[in-house]
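The values are calculated or read from the model by the stated rules, or taken from the named source; none is laboratory data. Just so you know, these numbers come straight off a predicted model, no measurement behind them. Glycine also receives a Cβ, built like all others from the backbone with ideal geometry; neighbour counts cover every protein chain displayed. Ligands, DNA and RNA are stripped out before the accessible areas are found, and what is left, the full protein with its side chains, is counted by its heavy atoms. Shrake-Rupley method; radii C 1.70, N 1.55, O 1.52, S 1.80 Å.
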Amino acid sequence: MLILSIDTSAIASAALIRTVPASYGAKASAAVVGSFATEDTRSHAEVLVPGIESLFGDAAVEGPALDAIVVGVGPGPFTGLRSGIAAARMLSFVWEVPLHGVMSLDALAWDVCGAASRDRNLMGGEFLIATDARRKEVYWARYSPGATLLEGPHVGPAAELPALPVFGAGAGLYRDELLARGCTVPDAFADAQPTAAALGLRAAALLVCGDRLLPSAPLYLRESDAKVPGPRKRAL
Amino acid sequence: MNRTEPLILGIESSCDETGVGIVRGTQLLANVVSSSMEEHIRFGGVIPEIASRAHLDAMVPTLRAALDAAGVSLAEIDAIAVTSGPGLAGALMVGVCAAKALAVAAGKPLYAINHLVAHVGAALLDESLGAVSVGEDDGGGPQEVGDGGGLGRLANIGALLVSGGHTEILRVGSIAEDVEMLGSTIDDAAGEAFDKVARLLGLNYPGGPAIDALAKTGNPRAIKFPRGLTVPKYMGTPAEPGPHRYDFSFSGLKTAVARCVELFEAQGQQPPVADIAASFQEAVLDVITAKAVLACRENGITTLLLGGGVAANSRLRELADQRTRAVGIRLLVPRLSLCTDNGAMVAALGAQLVMRGILPSGIAFAPDSSMPVSSISLR
Ligand SMILES: [Zn+2]
């Protein structure tokens, strides 16, 4: 199975994932066969689609052969988040390839879980993922040691998070508040962001098991700031 | 690629309309628009974040509907065109990302197009205007530029664009290569002023149609509202033009209307809303039409094209007709579905660029919310 993964919930990234079915006693596996990621979180409209194109020799020819497209549905800053979903929906339409959504914080939880299997000191129990929600808040969710989503995603101030290990760029940004709360902030993940590579591996693991993913609807978590204007004050 | 009658798909998302249009040369094949206008009513104006959310959900369904309406497949399309500015940044981003993905997925060249110039391109699609705008020799009128095939049909004309998002006078030397901004609003767009005044008068959003209707029952000379940027210090003379000779300003007018309403209320009187609506509308449209005609006369322009949603206003059409007629300027008003924001106008401009052999923009460009008209497409 060949999967195109896209995430723009923080940085802009894309990856091609190939899954290998279980055979001769070997477990099913998945590997990243190509990936692209930005450093910054504000150039999605320029770089995302060229980045996706770079994963293919000839995208228009190879795209229709994909088995699935998965896209991070956030939470993340709205404008950036939409750029990935807009592109993913269009690719899915043109190539006639099924599109699935994955909660973006799951990607980072997948990375944390992988790192923890190599370094048992990293975390041993439940943990949190936090990313930058701007406006002095974080997007966050709580996971089991096996990276199963237990709670969230939420948006709120870092100072309101449960006292658990916190991974992700949101933790690095608000380290002092989190430490004061009794959280721990492992250095190795203090500036980590969700990536399409991790999102795609996570999605592949679920798809191989026949699990259902999410629709591609964005998880905004916040309303638009618009306020319904009150009645005009009369001069009387 | 077919360069004589290219099949172009255009995508528009600069404000609150998600538009996808398909043209073959100057022939309109599909013009599908999904508007989020209803969602903005309770706020009394376009909320950018709400518009952006609606664009995301409307984009693929609108594209599908346009392909169905035109009866063409993506494989047949020669090139994609998308509005890259000016407009609301977050709204533009949705259309641009979708268009880039479409271009890559279908393997088509992509043109990043100026929304204001696309409004001018809309006129090419209205057959009823085509006959009058092509190749008539009336000394300075629109001229066929010589290479036929509809190229240069919009040469040497003026364009007056009036909407909730913009208010401009353009000089169009050639739609694909030479467009100049002669004047524009320095604060609110005219349509925005209509929305704000409608709210002051207790009318519904959008304010344009509401004020147009109410004004018919009022006296446009009842209240003397200010005409922005019309005093000599801004206008100057033809020989020595002032700093805002062809520019507009509506924020002072809006304040004057608010004062007027408050004055009546402070005296315990019901404000005469029909007279206020008529007088306000006259103040806006008097300046707009007078300056547009002035700009045409001083720039050797004998054809004026009207575009933008406010082209629906009956008094604007009337005044523009009277004033252009009086000085021998030909007025072109495309049908309303081509005046309001739409994808077909984007496709129409894209087709002109392809026919001129102008290179596509690639897929690495960024949307530009303040894209100048001198930039007809991004290179
Ligand atoms: Zn417009």
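Each residue, residue A:148 and residue B:127, gets one label point 7 Å from its Cα in the Cβ direction; the gap between the two is 6.5 nm.
Scan chain A and report its longest stretch carrying no GluC sites (Glu not before Pro) that are both in a DSSP loop and have at most 12 other Cβ atoms within 10 Å.
On the way: sites that count: A:39, A:96, A:223.
The segment A:97-222 is the longest one with no such site.
Return the calculated 222 nm mean residue ellipticity for chain A, to the nearest 500 deg cm²/dmol, obtained by summing -39500 (n - 2.57) across DSSP H runs with n ≥ 4 and dividing by the residue count. Write out the running numbers ahead of the final one.
Working: 7 runs with 72 residues, N = 236.
It comes out at -9000 deg cm²/dmol, rounded to the nearest 500.
Here r is the Cβ-Cβ distance between residue B:204 and residue B:181 and R0 is 45 Å; the resulting FRET efficiency, rounded to 0.05, is 0.90.
Residue A:189 contributes about 20 Å² of solvent-accessible surface, heavy atoms of the protein only, 1.4 Å probe.
Between residue B:182 and B:169, B:170, B:171, the built amide H atoms are under 5 Å apart, and every one of these is 5 or more places off in sequence or on another chain.
Take the alpha carbon gyration tensor of chain B, find the square roots of its eigenvalues, order them as a ≥ b ≥ c, and report rounded if a/c is under 1.5; if not, report prolate when a/b exceeds b/c, else oblate. In terms of gyration-tensor shape, oblate.
Under 8 Å for C-alpha pairs, at least 6 residues apart: give me the relative contact order for segment A:105-189, rounded to a whole percent. Before the final figure, lay out each step's value.
Numbers: 162 pairs, mean separation 22.3, N = 85.
Relative contact order comes out at 26 percent.
State the antiparallel share, in %, of DSSP beta bridges confined to the protein assembly as shown, rounding to the nearest 5. Before the final figure, lay out the partial values.
Values: 55 of 83 bridges.
Counting DSSP beta bridges with both partners in the protein assembly as shown, the antiparallel share is about 65 percent.
Between residue A:61 and residue A:1, residue separation times 0.36 nm minus the direct Cα-Cα distance comes to 19.9 nm. Under 5 Å from the amide H of residue A:34 lie the amide H atoms of A:16, each residue being 5 or more positions distant or on a separate chain, with H modelled from the backbone and absent for Pro and chain starts. If you build a Gaussian network model of chain A, linking Cα atoms that sit under 10 Å apart, which residue out of A:161, A:48, A:150 swings the most? Fluctuation is largest for A:150. Ordered by solvent-accessible area of protein heavy atoms (1.4 Å probe), largest first, the residues B:221, B:315 come out as B:221, B:315. Residues in segment B:49-62 carry Karplus couplings, in order, of 5, 5, 4, 5, 4, 5, 4, 4, 7, 8, 4, 5, x, 5 Hz; the curve used is 6.51 cos²θ - 1.76 cosθ + 1.60 with θ = phi - 60°, and Gly or Pro positions show x. Of the residues A:37, A:141, A:226, the one that moves most in a GNM of chain A with alpha-carbon contacts below 10 Å is A:226. Residue by residue along A:76-88, Cβ atoms of other protein chains within 10 Å of the local Cβ number 6 on average. Two tests apply to each whole DSSP H helix in chain A, Cα reach of 15 Å or more along its axis and mean Kyte-Doolittle hydropathy of at least 0.5, and the ones passing both are A:78-95, A:196-208. Per-residue ellipticity at 222 nm, computed for chain B from helices alone with -39500 (n - 2.57) per DSSP H run of at least four residues, works out to -12500 deg cm²/dmol.
Label-to-label distance, residue A:117 versus residue A:135, with points set 7 angstrom from Cα along the beta-carbon direction: 3.8 nm. Coupling constants for segment B:8-22 follow from the phi torsions by the Karplus curve (6.51 cos²θ - 1.76 cosθ + 1.60, θ = phi - 60°), and in residue order they are 10, 10, x, 10, 10, 8, 7, 9, 10, 10, 8, x, 10, x, 10 Hz; glycine and proline get x.
Need one word for chain A: rounded, prolate or oblate. Basis is the Cα gyration tensor (sqrt eigenvalues a ≥ b ≥ c); a/c below 1.5 gives rounded, then a/b vs b/c decides. Walk me through the intermediate numbers first.
Numbers: a/c = 2.08, a/b = 1.20, b/c = 1.74.
Cα axes put chain A in the oblate bin.
Once B and A are treated as a pair rather than alone, how much accessible area drops out, both sides summed, in Å² to 100, probe 1.4 Å?
Details: alone 15050 and 12100 Å², together 23850 Å².
Chains B and A together bury roughly 3300 Å² of accessible area.
Packing around the peptides A:17-29, B:205-217, taken as the average count of other Cβ atoms within 10 Å per residue, puts them in this order, highest first: B:205-217, A:17-29. The C-alpha atoms of chain B define a longest principal axis, and helix B:190-200 lies at about 40 degrees to it.
For segment B:244-252, backbone phi angles converted through the Karplus equation (6.51, -1.76, 1.60; θ = phi - 60°) give residue-by-residue couplings of 9, 4, 10, 8, 10, 8, 10, 6, x Hz, Gly and Pro being listed as x.
A straight line joining the Cα centroids of segment A:11-27 and segment B:329-351 runs 49 Å.
Once you order the gyration tensor axes a ≥ b ≥ c over the Cα atoms, which shape class does segment A:159-236 get: rounded for a/c under 1.5, otherwise prolate or oblate by comparing a/b with b/c? Since a/c reaches 1.5 but b/c is at least a/b, the shape of segment A:159-236 is classed as oblate.
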